[in-house]
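Readers should treat all values here as calculations from the given coordinates under stated rules, not as data from a laboratory. Being a predicted model, the structure only gives us computed values, none of them experimental. For neighbour counting, all protein chains shown are included, and Cβ atoms are generated from backbone atoms with ideal geometry for every residue, glycine included.
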Amino acid sequence: MENTNTFTNQNLFHTQVLTSILKEGAVPPAHQQILQDWAKNIAELNKQDKTAQHAAFLQKILVDILGYQPESTGSAYTLKDMKTLDSYFDAALGQFEKNKNRMVTLVKLMGPTSSSLDVVSGDEKLSLVQLARQHAEEMPEREFFLLSNLDEVRLYSLMHKRTTYERFSLVKMAEDATEYQRFYTLLNAENMLSGKIAQWLHDSVTTGLQDKLMRKHPTLKDVYGPIQPGPAISINDAFVIDQKTYSQLEKEDPKSKEILQAFYPGDSLKRWHSGTRLHWLIYTPKGKVDIDAYPAVKKYLEQFKETLEKREGDQKWYELDHTENTDIPTTTDFRMGIGRIQSEPGFVIGEKLAQYGNESHTISNADYYLFGLLNSTALSKLITTLARQTDDGKYELQAHHVESLPIPDADGLSRGRVGQIAQFCMEKAQDRRDCILHFQGMTAFNLSPEKLGAKLSDRLLNWFELDFDTFRREIISSFGVDIPANDLPTWVAYFEQEKTNIDDFNFVLDRYTGEMDQFIYDAFGLDEDDIALIEQR
């Protein structure tokens, strides 16, 4: 069912959300009779004093139609009459009992139908709506406020600062089932007090933000071309080598580095960096490399030849699987990898001549502006609405999710600054990663009986989140030994210094990421409410 509100204000609820929740149906006879009587008698009601108007609206509209329970019904009720409390508001909708006082929606009657809710009055030069919002914001635990002049009813949200609202006409809905269904669905007691309406509003704002981000902008695929899957290779593959082996092969034959490319497993990709130390891929796509031209690499691979020859397919024993249509990148290519499964969306890494594992997507024709965009808070938020959420709370990004991401245009200065910040953040994030990994190595080598072969617990891997006493207890729990007493002062100083270094890295990254985000918000034309929604945690 479509939102039939023809007013020019932006509706509080997104049409797409309303379509999913509103149902066709006639007005129940009892409710229709109340509304018809209301429309018939509204002229007479306008002549009565505010006390009579107040009583009629609360009983006929809030109680008889919307199902709220007044205080007279018992110790637990959902409609509090606030006129007796000397309040600006006439009533509150919520959950009220002896030890509970939860207000969800505040209600204010603004006079007869001839009164405009937008008229400016008083010395403060505020409209009735602005004045009501000002008073509502001073009240604790409230989500909405409701204004009415006996015919027009408006629902405003206090969860964001927009002046948009959902409007209803009591006179109109007496003969209009669509108007009634929208009114009843969005204001009845069950939906309001269960949190459904708040959730529908959140869905509406999120959908509206997605519309705003996606509209008018070319997609990533339009600007940078289609993305490619990473090669079907894991970190334990014969073609993946560590830094020590890389150095050895380069020493034996400097030409080896022509086919050795930085390699990052898809599940290691983090925001700005890889979560692991650098590995290298022996990059020999099918039909592209003469292995005899690289004797050191050939000699290294020969130890795996028997196993490699047993693979399915017609590739040669030294060639990678499933790389028929792959070219060797040039040194000018800026390649980016995006993890397919991510605990937090928007994590990417950029490297020249890099390869990313099969749990990732690769963009070959990239630049630092794109690198900054994909690491921005705005696109991270958008990805959460596009990607499928897995059972364990992670996000699964298919190729079409990434290709459909919007790429806003920006002036040359802004593009340059975003790219500059992105490159800086990558370098700082890598320094932070190296600091974390180095401390992990020092912990294993100096405190574990197994030295560097020790497997660290999750808490020790995330040592920078602990205080020293907790770190020490975890050492005892994991390794069965305590830090030697003579070494304690040194370890305390070392631990605190490295934690300070991590805090410093985080401070710098937060500062510069915030600056970059502002450029991107401007490029998308976002307002305060959009930004507040994006930055919610």
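Here are some notes:
- When the range 147-217 is reduced to its Cα atoms, the Kirkwood hydrodynamic radius in Å: 13.7
- Two-site label geometry, residue 219 and residue 506: point separation in nm, points 7 Å out along Cα→Cβ: 3.8
- Reachable lysines, given that their alpha-carbon falls under 17 Å from the alpha-carbon of residue 108 and they are not under 8 places away in the same chain: 50, 60, 80, 83
- Around the Cα centre of the chain, unit charges on the Cβ atoms of Lys, Arg, Asp and Glu (plus for the first two, minus for the last two) sum to a dipole of about 260 debye.
- Theoretical FRET efficiency, 1/(1+(r/R0)^6), r = Cβ-Cβ of residue 487 and residue 385, R0 45 Å, to 0.05: 0.35
- R0 of 41 Å, Cβ-Cβ distance residue 176-residue 55: FRET efficiency to nearest 0.05: 0.95
- Approximate spin-label separation residue 451-residue 33, in nm, with each point projected 7 Å along Cα-to-Cβ: 9.1
- Derived scalar couplings between HN and Hα for the range 433-441 equal 4, 5, 5, 5, 5, 5, 5, 4, x Hz in order, rounded to whole Hz, by the Karplus curve 6.51 cos²θ - 1.76 cosθ + 1.60 (θ = phi - 60°), x for Gly and Pro.
- Neighbour counts of C-beta atoms inside 10 Å place 384, 163 in the sequence 163, 384, starting with the fewest.
- In this structure, the amide hydrogen of residue 149, modeled 1.01 Å from its nitrogen in the peptide plane, lies closer than 5 angstrom to those of 110, counting only residues at least 5 positions away or on a different chain.
- Taking other C-beta atoms within 10 angstrom as a stand-in for reagent exposure, 376, 194 fall in the order 194, 376, fewest first.
- Divided by 2.2 N^0.38 Å, where N counts the residues, the Cα radius of gyration of the range 398-457 comes to 1.91.
- Taking N as its residue count, the alpha carbon Rg of the range 373-518 over 2.2 N^0.38 Å: 1.38
- Ranked by how many other Cβ atoms sit within 10 Å of their own Cβ, fewest first, the residues 477, 457, 448 fall in the order 477, 457, 448.
- Sparse-neighbourhood loop sites, GluC sites (Glu not before Pro) in the range 129-209 - DSSP loop, at most 15 other Cβ within 10 angstrom: 138, 141, 175
- Per DSSP, loop GluC sites (Glu not before Pro) in the range 240-323 with at most 10 further Cβ within 10 Å: 312
- Computed from Cα atoms, the angle from the helix 468-479 axis to the main principal axis of the chain rounds to 60 degrees.
- Pairs exceeding a 18 Å alpha-carbon distance, out of 212/381; 257/299; 394/428; 255/298: 394/428.
- Residue 476 versus residue 494: modelled label distance in nm, points set 7 Å from Cα along the beta carbon direction: 2.0
- Kirkwood hydrodynamic radius (C-alpha pairs) into Stokes-Einstein, the chain, 37 °C and 0.692 mPa s, D in µm²/s: 116
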